[in-house]
Amino acid sequence: MTELKNKVAIVTGGSRGIGAAISLELAKQGVKIVLNYVSRPELAEKMVAEIQEFGGEAFAVQADVSNSDDAARLVQAAVEHFGKLDILVNNAGITRDSTFKKLSEEDWRKVIDVNLNSVFNTTSPALQHLLESDGGRIINISSIIGQAGGFGQTNYAAAKAGLIGYTKSLALELAKSNVTVNAICPGFIGTEMVQAIPEKVLDGIVAKIPQKRLGTPQEIGRGVVFLCKDGAYITGQQLNINGGLYM
Ligand code: NAD
């Protein structure tokens, strides 16, 4: 088991939803958090305050991770502030759902940029620091949609499936080092992203989930803690946290 106290983590899109829960769960283990956000600074500051309230360490960095300069600045801020980097959680993501016939080039590119190209942008400047850690972890938040597809989600499914292939390939390349690379594939989790789904459609989705409920952001956060703490011999994998919806 890896002791997580005093490890340093960057969590992209950490100000709300799944990213906020990942930040909190890691912070509870004593991990120092660099909480990235793109907009709504008040949410990021609220999360930082929440972590500091129980004695944790965190600070917020505004950066659009689909922009390589911003992503490099994020990694630099983390290393300057805490002196090292052990964990990179690529969580930032968006949806721009539309059937393919109506899908604009702009919505195709935006979703690929934020969900997939961002991972190149953050991992490139972070990699050397992670290699210097005594137990580096890269965790990419993919999705059940990248495994099973989703109606009206060609752009999102392409990005999330891309993350899975990327995870496996990078895991192979880094297997001889101390850095593991894994993906977490959440099913349907109760966050703003899922609240955007019309109620009727969402009821239909929940009815199909074998465990008959949405997942919680905390359940994804604890998956991240598991991979960081007990995951030394786990690499190139997809951890499915989906209530049995995809097996
Ligand atoms: P959310 O919309 O509540 O949060 C997304 C986060 O990403 C926000 O903090 C947002 O500010 C941030 N973000 C968006 N664009 C960004 C950018 N360019 N740079 C930096 N940060 C940016 O969504 P969520 O449900 O918490 O989703 C988190 C991750 O989990 C996403 O990658 C999403 O695709 C994935 N996911 C969510 C579900 C679900 O059911 N909610 C299921 C599977 C996968």
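For the stretch 8-241, the solvent-accessible area of protein heavy atoms averages 46 Å² per residue (probe radius 1.4 Å; ligands and nucleic acids excluded). Straight Cα distances below 27 angstrom link K101 to the lysines K110, K160, K200, K208, with same-chain residues fewer than 8 positions distant left out. Relative to its Kirkwood radius, the Cα radius of gyration of the chain gives an Rg/Rh of 0.95.
Counting only chymotrypsin sites (Phe, Trp or Tyr not before Pro) that sit in a DSSP loop (anything but H, G, I, E, B) with at most 16 other Cβ atoms within 10 Å, what is the longest stretch of the chain containing none of them?
55-150
Near R222: Cβ cut-off under 12 Å, other residues only, Lys/Arg at +1 and Asp/Glu at -1. The net charge is -1.
With a 1.4 Å probe and all protein chains kept in place, how do T99, T191 rank by accessible area, largest first? Mind showing how you got there, number by number?
On the way: T99 55, T191 15 Å².
Descending accessible area places them as T99, T191.
Phi angles of the stretch 127-134 translate, via the Karplus equation with coefficients 6.51, -1.76, 1.60 and θ = phi - 60°, into HN-Hα couplings of 4, 4, 5, 5, 5, 7, 6, 8 Hz per residue; Gly and Pro are given as x.
The stretch 157-221 and the stretch 77-105 have Cα centres lying 13 Å from one another. Fully extending the segment from A72 to T99, taken as 0.36 nm per residue of separation minus the present Cα-Cα distance, adds 6.3 nm.
Summing charges over all other residues whose Cβ lies under 13 Å from the Cβ of K28, with Lys and Arg as +1 and Asp and Glu as -1, gives +1. Think of each Lys and Arg Cβ as +1 and each Asp and Glu Cβ as -1; about the Cα centre, that makes the dipole of the chain roughly 660 debye. Near A60, the amide H atoms lying under 5 Å from its own belong to L35; only residues 5 or more places off or on other chains count, and H is placed 1.01 Å from N.
Ordering Y37, G150, A126 by the projection of their Cα atoms onto the charge dipole of the stretch 1-154, which places +1 on the Cβ of Lys and Arg and -1 on the Cβ of Asp and Glu, puts G150 at the extreme positive end.
Hey, with R₀ at 22 Å, roughly what FRET efficiency would E53 and E80 work out to, going by the Cβ-Cβ distance, to 0.05?
Computed FRET efficiency for E53 and E80: 0.35.
Amide H to amide H distances under 5 Å link K32 with N6, K7, V8, A9, where only residues 5 or more positions off or on other chains count and H is placed in the peptide plane. If the segment from S124 to Y246 were pulled out straight at 0.36 nm per residue, it would be longer than the present Cα-Cα gap by 40.8 nm.
In this structure E219 has an accessible area near 60 Å², from a 1.4 Å probe over the protein heavy atoms. Using a Gaussian network model of the chain in which every pair of alpha carbons under 10 angstrom is joined by a spring, one finds that among V89, V79, V194 the greatest mean-square fluctuation is at V194.
Binning the alpha carbon pair distances of the stretch 150-246 at 10 angstrom intervals from zero yields the distribution 14, 40, 32, 12, 2, expressed in whole percent.
Largest accessible area first, the residues K229, K7, K101, K168 order themselves as K101, K168, K229, K7 under a 1.4 Å probe with ligands, DNA and RNA left out. A simple count of charges around S133, restricted to other residues whose Cβ falls under 10 Å of its Cβ and scoring Lys, Arg +1 and Asp, Glu -1, yields 0.
The values are calculated or read from the model by the stated rules, or taken from the named source; none is laboratory data. Bear in mind the structure is a predicted one, so any value in this text is a computation, not a measurement. A quick note on method: Cβ atoms are made from the backbone with ideal geometry, for glycine too, and the neighbour counts reach across all protein chains shown. Accessible surface areas use protein heavy atoms only, side chains included; no ligands, DNA or RNA. Shrake-Rupley method; radii C 1.70, N 1.55, O 1.52, S 1.80 Å.
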